[in-house]
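Here is the structure we will look at, set down as structure tokens.
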Amino acid sequence: FRPPMHPKHAPTSTLLLPTRDGLHELHVAEYGAPGGTPIVYLHGGPGGGTPPDVPRLFDPAVFRLVTFDQRGCGRSRCADRLLANTTALLIDDVEAVRCRLGIERWAVFGSSYGSLLVALYAARHSARVTFAIAHGVFL
């Protein structure tokens with residue numbers, strides 16, 4: 001089974017968000033409807049990045065999709081990929097992205113290692129999660 005894919009579309013905005021410790025800059029991209037249902041996609045890894053076709057999974061007329069490359073991954077920047085790169089700090093980064101974008105509550109979707117991050121984020125910040133989807137679960 002292959003899920004339907006929406007046409008490729010450019011991000012509506014991108015930014016580099018410094019982490020609270022100042023050791024990394026997270027590449028954040030938004031796609032779709034600014035007033036749509038907010039959902040964040042957490043990629044696998046560690047060491048990977050957001051797959052280029054991820055935005056095509058979400059209807060841009062319905063969702064406000066947020067993607068970001070984790071510390072030391074993809075288009076995020078740092079001097080040392082492993083320095084200050086822990087699972088706990090990644091969970092803090094998810095919350096920092098939500099706060100920076102002014103999103104009250106959002107859905108969280110993760111694949112592989114991202115599914116672990118979904119579970120941990122939803123447990124720590126349940127009041128900020130509308131629903132969670134874990135794909136290709138990695139525990």
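Taking label points 7 Å from Cα along the Cα-to-Cβ direction, L16 and A84 give a separation of 1.5 nm.
Expressed as a whole percent, how much of the Cα-Cα distance distribution for the stretch 36-76 exceeds 16 Å? The answer is 35 percent, as a whole percent.
Computed over neighbours whose Cβ is under 15 Å from that of R2, the net charge equals 0, Lys and Arg +1, Asp and Glu -1.
Which of the peptides 89-98, 73-82 is most tightly packed, and how do the rest follow, going by the mean number of other Cβ atoms within 10 Å of each residue? Walk me through the numbers before you get to the answer.
Numbers: 89-98: 19.6, 73-82: 15.0.
Most protected by this proxy first, the peptides run 89-98, 73-82.
Rounded to two decimals, the Cα radius of gyration of the chain over 2.2 N^0.38 Å is 0.97.
Over all pairs of distinct alpha carbons, what does the Kirkwood formula give as the hydrodynamic radius of the stretch 62-104, in Å? The partial results should precede the final answer.
Values: mean 1/r = 0.0866 Å⁻¹.
After inverting the pairwise mean of 1/r, the radius is 11.5 Å.
Find the relative contact order for the chain and round it to a whole percent, using C-alpha pairs within less than 8 Å whose residues are 6+ positions apart. Kindly include the intermediate steps, with their values, before the conclusion.
Working: 291 pairs, mean separation 32.7, N = 139.
Relative contact order of the chain: 24 percent.
Bear in mind these aren't lab numbers, they're just calculated from the coordinates by the rules spelled out. Not measured: the values here are computed from a predicted model. Here the Cβ is made from the backbone with ideal geometry for all residues, glycine too, and neighbour counts use every protein chain on show.
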